[in-house]
Each structure stands twice: as C-alpha cells, then as structure tokens.
Amino acid sequence: MHDQVFSGRFLYNGSFQELDIGVENGMITEIKKHMEGKRKILDHAVMPAGTDTHVHFRDPGETDKEDFATGTISAIYGGTSTIFDMPNNRIKIDNYSSYKDKLEIVRRKAFCDFGLYSNFTGNNAPIISKESSGIKIYMGETTNSEGMQSFSESGIEAINAMNIPVFFHAEDGTCLKNHNGTARNLKEYSTTRPEECEDIAINNAVNMHFRKGVITHMTHYVNIPYMREVTPHHMLLNYDMPLGSYGKVNPPLRSPETQRQLFQNFKSGNFAVVSSDHAPHITKDKEEFEFAKSGIIGVETRIPLILALVQKKIVPFDIFYKTCILNPAKLFNLRKGEIKVGNYADFISIDFSSMEKVNDYRLHSKNPGSPFNGFDAIFPDDVIIRGEPVIEKRELINDRIGKYVKDLEHLQ
C-alpha cells in the first residue's frame, strides 16, 4: 500500500505515458499502469517540477525587495519546487555564523525546498559553512559585492574538498573599472560592462581549476571546460528593446545579434542549465536609469516562458527538460528532476493549450515589475512537492512546507 497514488499522463522514460505513481513519505515507491486504491488524478501533461539554481531572494537584510515567503511562492507558481539562493545579502554570507543566521531566518518562511550558497572571497575558505549547498565567486563589482581581490591555492583546494558546485559571476573587476562611465540607456550600459570583461573573468575562472565550476548568466557562448548557465533574459531580450531600467542587469543585455546567437546556442544544446537570476528591487530603485539598480525578476516566468517556446516549436522539448528540470537537479545531487522510483514526488501539470501573456500585476514577487510583460507563457495548473499539492488549479492551497535540502538528505 502507498500513502498516495497519483494518476495521469506522466513524462516517464522520455515520453508521456498514462501511469499510476505510488508515493510514500514524499518519495516515489512504485510506477505502474494501474494501482488499486484511491487515486489523485492530475489533468494534462505531468512532468517533474523544476529547480532554479540561481535566485536572489534578498532575505535577510532587504526584505522590502523580496523575502523567502514571496520568493518561494513565486517559484512554485512558476513550476519550480527547489531554489538555491545566492549569498550577496546586505549582510554577506561568507562565514559559518552568517550562514547559520540566514538559514534559521529563511527556513521558517519557505513554501518550496531550498539550498543556500556561501560567498568565497578568496581567503575565507576556513570559515565557510560546511553546510553550504554551493559556492559563489564574484569576479567583479555587482550588487552587494565588491568582487574577489585575490585568492590562494590552499583556498581553492579547501573549496574543492567540499565537493559542491562553484558558481562564478564572470565580470572582471579591473576591466569593469576601465570601462566605467555614465549610462543613460541599455545600449550605453552594455558598453560599461562589455563582453571583454566577461571573457577575461571566464578565462581567470577556468584557470582556478575548480572541479565543479559553473559560469553563470553568460551573455555569449564560449567553449569552456566548466558548465554553462544561461538566463531567459539574456536569451530573449536585447538592449534595443524599450525596457528602460527594468532591463538593467549585470551582466548587461547585449545587441540583438548577440542575443540571437546566444538563443541559437541554447536551442542547439550548448548550455546545461537555465536559471532565472531572479533579482528584485523596489520601484524607486528602478525609476531613473542612470542611477537604477541592476536586476531582473524571473523565478516565476523562467519555466513558463520556455514552455511557450516549446509549444510554438521554437525550442525542442528535450532541451527545455534538460536545462530547466533535469540538469539543475543533477548538479546538486537532488533526488528530483526525473520521475523514477527513489526520487521525490515533485510534479507539475501543464496544459499546453493554456498560453497567455505575462502580466506583472499577477506575478507573486513583492516587486513584480517584469521586462517580460506581454510575452507568451504557459503556467502550471498544479504543483506537487514531495507528494503534497501546493498549487491546485492555479490556486495556492498549502502553507510553508519547504525544506532545506540538507534536511531532505536525512529523510531519504
């Protein structure tokens, strides 16, 4: 017998099949064509829920921009059941004390499962929390970070010994200073943080020889031995669009041609992970372009935007599935991202005929202004996390059931 049985058309072994899935203690225990007992029927196409490996939920320190409750609610409305939050809080997460403090604050608020990064500054490896889900390195100045100034080989060895992913914000600090200037629009802003600064930082990052390196939010394709991450905003937006400061982000949006080439490389399978880099700011911080803060929201629209492109046959389904669902979960060794016995029962049901326009007034971020307003999207109808329905017919029906990923390891 099972605690629950879910019935529907599930993505299983590469195709959608009518199946019954038995669940006990939140995990898939059996997959069959038919099981006896009471079943919960899921309509439409059912696939694993997504994992977003790159968000900035601003909690603690800047909860007027976002907090872990609104951020994780936004995630599940967008079909994401697990997020990993970056360490560039107002109080930097670069030691075990600040990590512990942050964890205790956010774990009480989470509607979905989550992990936390620590910031490696180059010389703080001995005091980084061993609980860290991942490491983030800022190669140059960006929000709440001045960038890495120097590093030691012993520090790199210590981080490698943790055997966790190391994510790079790849913009070289010296290069950024050399190009610093006034920018009154998106095109000018791109010249103050040019591709050259990315390339220098990527080269430096690769030469640090981390075992599990990831270059984040790449704005153009580079063939490197590290894993490559791309965002929807760099693939779908460019600096000629009338986005104003809501398109201001680090690294910047690029030219239409660079954007098209990036998107083509994504469709061709040259990127492993699609993350949102969700980074909200309050309205007054976006009012005047020259002084506006950089950051774009996206945790709620990441999967829906790509699903619409799948439905339009612009993006292959397999590319969507691998980059938004499977690979992000595998990167962190989560028992998620694939419907199989032994994995958590994290599901989303999708009606591919329910395409709609993104309306930022309906988004659930505390500051929902989105540069994707008016873009086509397909939002999930139902979201299940570890066998518990949290979204049903697009309505939130559950409370703060999110768990820290380290706690999930003890539940298996």
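Remark: the stretch 89-95, residue by residue, has Karplus-estimated 3J(HN,Hα) of 6, 3, 9, 5, 8, 10, 8 Hz, where x stands for each Gly or Pro and the curve is 6.51 cos²θ - 1.76 cosθ + 1.60 at θ = phi - 60°. The alpha carbons of the stretch 314-412 occupy a box of 42, 33, 23 Å along the principal axes, longest dimension given first. Assign one of three labels to the stretch 6-94, namely rounded, prolate or oblate, based on the Cα gyration tensor with a ≥ b ≥ c the square roots of its eigenvalues; rounded applies when a/c is under 1.5, prolate when it is not and a/b is larger than b/c, and oblate otherwise. Taking the square roots of the gyration eigenvalues as a ≥ b ≥ c, the stretch 6-94 is prolate.
Using 24 Å as the Cα-Cα cut-off, could you pick out the over-long pairs in 286/312; 33/340; 65/92; 136/312; 212/248; 33/267? Please report the intermediate quantities before stating the final value.
Working: 286/312 33 Å; 33/340 14 Å; 65/92 17 Å; 136/312 35 Å; 212/248 29 Å; 33/267 33 Å.
With Cα atoms farther than 24 Å apart: 286/312; 136/312; 212/248; 33/267.
Centre-to-centre separation between the Cα atoms of the stretch 1-24 and those of the stretch 81-107: 35 Å. For the stretch 312-322, putting each phi into the Karplus relation 6.51 cos²θ - 1.76 cosθ + 1.60 with θ = phi - 60° gives couplings of 7, 6, 8, 10, x, 4, 4, 5, 4, 4, 5 Hz, in residue order, rounded to whole numbers and with x for Gly and Pro. Here's how it looks for residue 114: its modeled amide H is under 5 Å from those of 83, 403, 404, 405, which are all 5 or more places away or on a different chain.
Could you line up 56, 278 from fewest to most neighbouring Cβ atoms inside 10 Å? Before the final figure, lay out the partial values.
Working: 56 25, 278 30.
The most exposed by this proxy come first: 56, 278.
Among residues other than residue 354 with Cβ under 13 Å from its Cβ, the summed charge is -3 (Lys and Arg +1, Asp and Glu -1).
Amide H contacts under 5 Å for residue 30: 22, restricted to partners 5 or more places along the chain or on a different chain, H placed in the peptide plane at 1.01 Å from N.
On a straight-distance basis, which aspartates and glutamates could pair with residue 357 in a cross-link, Cα separation under 14 angstrom, same-chain partners fewer than 8 positions away excluded? Reachable aspartates and glutamates: 300, 376. Sorted into 10 angstrom bins from 0, the C-alpha pair distances of the stretch 126-197 split as 17, 42, 24, 15, 2 percent.
Here the residues 2, 54, ranked from fewest to most Cβ neighbours within 10 Å of their Cβ, fall in the order 2, 54.
Over the alpha-carbon set of the stretch 51-149, divide Rg by the Kirkwood Rh and report the Rg/Rh ratio to two decimals. Could the numbers behind the result be given before it?
On the way: Rg = 12.9 Å, Rh = 13.5 Å.
In the stretch 51-149, Rg relative to Rh is 0.96.
Phi angles of the stretch 15-30 translate, via the Karplus equation with coefficients 6.51, -1.76, 1.60 and θ = phi - 60°, into HN-Hα couplings of 8, 7, 9, 6, 9, 10, 10, x, 10, 10, 6, x, 10, 6, 10, 7 Hz per residue; Gly and Pro are given as x.
For a straight C-alpha distance cut-off of 19 angstrom, the aspartates and glutamates reachable from residue 177 (same-chain residues fewer than eight places away being disregarded) are 141, 146, 188, 195, 196, 198, 199, 290.
Dividing the Cα radius of gyration of the stretch 49-331 by its Kirkwood radius returns 0.93 for Rg/Rh. Legend: ranking of residues 400, 58, 184 from fewest to most surrounding C-beta atoms inside 10 Å; resulting order 184, 400, 58.
We did not get these values from a lab; they are worked out from the coordinates using the rules stated. Since this is a predicted model, take the numbers as computed values, not measurements. Using ideal geometry, Cβ is built from the backbone for each residue, glycine included, and neighbour counts are taken over all protein chains shown.
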